[in-house]
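Below: the structure, in structure tokens.
FYI, it's all coordinate maths here, none of it is from the lab. Just so we're clear, the structure is a prediction, and the values are computed from it rather than from any experiment. No Cβ is skipped: glycine too gets one built from the backbone with ideal geometry, and neighbour counts run over all protein chains shown.
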Ligand SMILES: Cc1cc2nc3c(=O)[nH]c(=O)nc-3n(C[C@H](O)[C@H](O)[C@H](O)COP(=O)(O)OP(=O)(O)OC[C@H]3O[C@@H](n4cnc5c(N)ncnc54)[C@H](O)[C@@H]3O)c2cc1C
Ligand SMILES: Cc1cc2nc3c(=O)[nH]c(=O)nc-3n(C[C@H](O)[C@H](O)[C@H](O)COP(=O)(O)OP(=O)(O)OC[C@H]3O[C@@H](n4cnc5c(N)ncnc54)[C@H](O)[C@@H]3O)c2cc1C
């Protein structure tokens, strides 16, 4: 039996496209060299956070933002479809308790204590929206090197949400029972899944609470059983508890990744990791198969429809050479700088030459070839592979992946019908 | 205003100034050493890291070659902990004149270097990555030398002999009384406070900046800053220092330094020694040059780029208007009393890191004569703090240490195996550290991740320990990402571009550093 759709890339964009295609009845195979951004990312779904001023209503302000960004990937998608993709995601990720609305950004503390706009968050972070102020006890864990509660709390106490409400924050450091040594996140997560350890931590936090009405902890509240760990801790502490993102690897990111993988499997789809696409076979303007390298063996995988969701510079979907040449690795699709300057600027916090690099596509999200027309009629691109965005600055990463992955599946599905 | 009295005021805390401080202190003089920044942040912290055998100068500048050969031998005895005994090879690539190789061998012997020709097959066996088309190979006593360790050992040694060292103290005024220099006024770069130092003798060891300092005293020193670019690659591509056997030119040396290799360098006259920008063209020139010594060099991942300014002095002694004369790599001690009728000021200019000890000896000989005090030079035999065991530094040491580190001493930098304890030790030594100074001292953030992970850890820990205030920690991080960008922006390709993207996500996406309060 042939495969209806092959999706290249197992990041958010690829998984969204795969899930949508599978839900519509297609047989789907996801091929990915690695895992992409998901297991590293905090799994907060950004849509638009800065334009460059703070955005409160992402969908409402999208059109205004796009006026100054003709090359932005959101240009491809109607605001209505962005909203639809987020609604779909909220439903899909209900088991992780995702909440939020694309009409209203939340302001959640970062690991350094900045108040950062984002749209949808899992239940374990839900209480961390400080748009209307709040008083937070920030809890550090002794020996955990990737979370520094005092600096976080001091910065957070200076945050000014636009509502004018006051944010207060105080840091405490607690020890986990047992071994106080170097706590890598992977270890920490497992320890917190032990009942006794969690109880001890809960008691300790409770005893340190003063006036605070919220408790912020590093995002290490379990992997498989995060609901139980988070819920358990809230009960023990007697206050709403929320996770604050830590640097990679990210537990919330891995939870979301596992969830998406499982959801696809339930729909009969398959994810094959360690499979690098390194070429293709085409007939005329139809793509027939991709060539995939697994464990030093090259195989051809034929399908009717293909989605290119290989990410950009960050995951190797696009590479930059020492002489400045840019290459989309699988199809040699046309790559654009998305309006970024040619030469690096001195100031780091500015748009740099490779920041907006991605493939160029037509209105239907089909990558362009050298001639300027679509490379293949049955290949669509989505996510960080698209040119024109600076998602880390404008806070739009997962939103772009969701909207364009969602749309790529619709376009491919339309072509299928 | 604070006022201090001292015998010798040394301006500049690079290798030269630190050497002068150590030498003077051993002769029983009271020394005060100042630098406008942290130590070894001028050219000494931006150099190639080669402990010269002398081979580079053998044909063109035999005097320098002889000095290097002799000083190399001495430093191996007194500063072993700062040196990696890599050895070195001079090889004739297909583009190099074979006749030069004969001249090289003769000149090297004449300069007193230990040198032997080795069969090409042997060289290739020892250095499998070396260009298989090389036609001749000579083994020499090159090494690699850690600037930060060296300067810090010299200063610790001087401090043990009552020296005062003041980082972040910029000389803003030279105190003159008629035809005599009597000291200087420093401005503390962190607090803005002024400090006045009265000295029996002032030594201008400001390297490429020594012209600027001399001008404060009202005289001219014609140093001409010559900028050189270096690129670090994320592997140790060779065991030994690899040199092309030809007349010295650009990009013809690869120095293995700890876990990385550094290729360099260039030489462009610049007006301002603080001009250390590197252009993409310069970087490509280095990468292409590396290809000739080590085929496949292009594919290696470039980690960081930097440049330093040579303090070159025209052979005439740098009097104004010396013109375009041949510039010497050897050093010169300028006695401004004899030269300009201005007593109490001595400038030491030119030279090399490798010859820092000799430069200091020559300088302090003049100082002692002027002060009419001070004993004989002892730096030939006095072993520096940290080098008592006389064991050379070896990368394996660090790995062994890390494996036997107490388990409750967590690593804060996996790339360079730096532990919490290392951080505490270094910070305890001097309380006013910038993140970038710590990076240099511990090599935190110098490995493949270039600080993406550990910069936040270090800032957070120092804040937690009360060493950084909140705003200081924030600005330290901002400064760190900015400083690092300077080092990677012209090598953003391949794996480095991926790393840069990940860092974008971490510092801006995850922490939102851009919107953090001041
Ligand atoms: C540290 C970090 C923090 C982040 N934080 C946020 C956040 O807070 N909010 C937010 O909205 N977004 C965030 N993001 C962005 C987000 O996680 C995704 O990276 C983004 O949505 C892009 O997803 P993608 O699926 O397009 O690409 P990626 O996630 O980059 O996935 C690309 C996929 O393609 C595969 N691939 C590449 N080349 C090939 C090939 N030749 N053959 C086969 N497979 C290939 C890769 O292995 C990978 O599976 C963060 C990212 C990172 C790294
Ligand atoms: C690219 C390059 C590569 C090199 N490679 C090698 C090599 O491999 N091996 C080798 O042996 N030599 C090498 N050299 C030469 C060697 O690095 C230098 O000769 C040596 O480091 C100079 O040391 P210094 O102390 O004289 O100068 P610096 O290290 O520059 O010290 C001068 C100090 O003066 C300070 N200063 C300036 N103005 C003031 C002021 N107003 N008040 C207070 N302080 C002030 C500066 O901050 C600086 O720290 C290289 C040089 C360059 C440029």
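Pick from A:311, A:80, A:49: which residue has the top mean-square fluctuation in a GNM of chain A where Cα pairs under 10 Å get a spring? Comparing A:311, A:80, A:49 in a Gaussian network model of chain A, the most mobile one is A:80. Packing, taken as the mean count of other beta carbons within 10 Å per residue, orders the peptides A:344-350, B:363-369, B:128-134, A:111-117 from highest to lowest as A:111-117, B:363-369, B:128-134, A:344-350.
Taken residue by residue and averaged, Cβ atoms of other chains lying within 10 Å of the Cβ of A:155-161 number 3.
For the pair residue B:424 and residue B:382, what calculated FRET efficiency results from E = 1/(1 + (r/R0)^6), where r is the Cβ-Cβ distance and R0 = 35 Å, to the nearest 0.05?
Values: r = 29 Å, r/R0 = 0.83.
So, using R0 = 35 Å, E works out to roughly 0.75.
Would you please put B:254-267, B:415-428 in order of how densely packed they are, using the mean number of other Cβ atoms within 10 angstrom per residue and starting with the highest?
With the highest mean Cβ count within 10 Å placed first, the list reads B:254-267, B:415-428.
Remark: mean inter-chain Cβ contacts per residue of A:111-122 equal 4, using a 10 Å Cβ-Cβ cutoff to other protein chain atoms. Distance distribution P(r), the protein assembly as shown, all Cα-Cα pairs, bin width 20 angstrom from 0: 13, 39, 33, 14, 1 percent. Based on Cα atoms of the stretch A:111-244, Rg over Rh with Rh as the Kirkwood radius reads 0.94. Counted residue by residue at 0.36 nm each, then reduced by the alpha carbon distance between them, the extension gain from residue A:94 to residue A:67 reaches 6.3 nm. Its relative contact order, with pairs defined as Cα atoms under 8 Å and 6+ residues apart, puts chain A at 23 percent.
Chain B: D in µm²/s via Stokes-Einstein (Kirkwood Rh, Cα pairs, 4 °C, 1.567 mPa s)? Intermediate values should be presented prior to the final figure.
On the way: Rh = 23.7 Å.
Estimated via Stokes-Einstein, D reaches 55 µm²/s.
Remark on the stretch A:307-417: ratio of C-alpha radius of gyration to 2.2 N^0.38 Å is 1.07. Computed on the stretch A:279-324, the Cα convex hull volume stands at 121 Å³ per residue. In percent, rounded to a whole number, the relative contact order of the stretch A:111-244 is 30, using alpha-carbon pairs under 8 Å and six or more apart. The simple spin-label model puts a point 7 Å past each Cα toward its Cβ; for residue A:209 and residue B:298 those points are separated by 6.4 nm. With helices as the sole contributors, chain A gives -8500 deg cm²/dmol at 222 nm; each DSSP H run of n ≥ 4 counts as -39500 (n - 2.57), and the sum is divided by every residue. Of all the options A:165, A:13, A:127, the one that moves most in a Gaussian network model of chain A with Cα springs shorter than 10 angstrom is A:165. Structural descriptor for chain B: relative contact order 18 percent, calculated from alpha carbon pairs under 8 angstrom and at least 6 residues apart. Chain A gives an Rg/Rh value of 0.99, both radii derived from C-alpha positions and Rh following Kirkwood.
Report D for the stretch B:1-152 in µm² per second (integer): Stokes-Einstein, Kirkwood Rh on Cα pairs, 37 °C, 0.692 mPa s. This corresponds to a translational diffusion coefficient of 187 µm²/s.
For residue B:220 and residue A:160, the FRET efficiency from 1/(1 + (r/R0)^6), where r spans their Cβ atoms and R0 equals 56 Å, is about 0.55. Within the listed set A:268, A:222, A:164, the residue fluctuating most in the Gaussian network model of chain A (springs between alpha-carbon atoms under 10 angstrom) is A:164. A straight chain from residue B:85 to residue B:514 at 0.36 nm per residue would run longer than the Cα-Cα distance by 150.0 nm.
Remark: spin-label model distance residue A:295-residue A:327 equals 2.7 nm, labels positioned 7 Å along the Cα→Cβ axis.
Here each label is just a point 7 Å from Cα along the line to Cβ, and for residue A:288 and residue A:362 those points are 2.2 nm apart.
Where in the stretch A:217-254 does the label zone of residue A:186 land, with the point 7 angstrom along Cα→C-beta and an amide N cut-off under 19 Å? Those under the cut-off are A:219-226, A:246-254. For the pair residue B:73 and residue A:351, a Förster radius of 30 Å applied to the C-beta separation gives a FRET efficiency near 0.05, rounded to the nearest 0.05.
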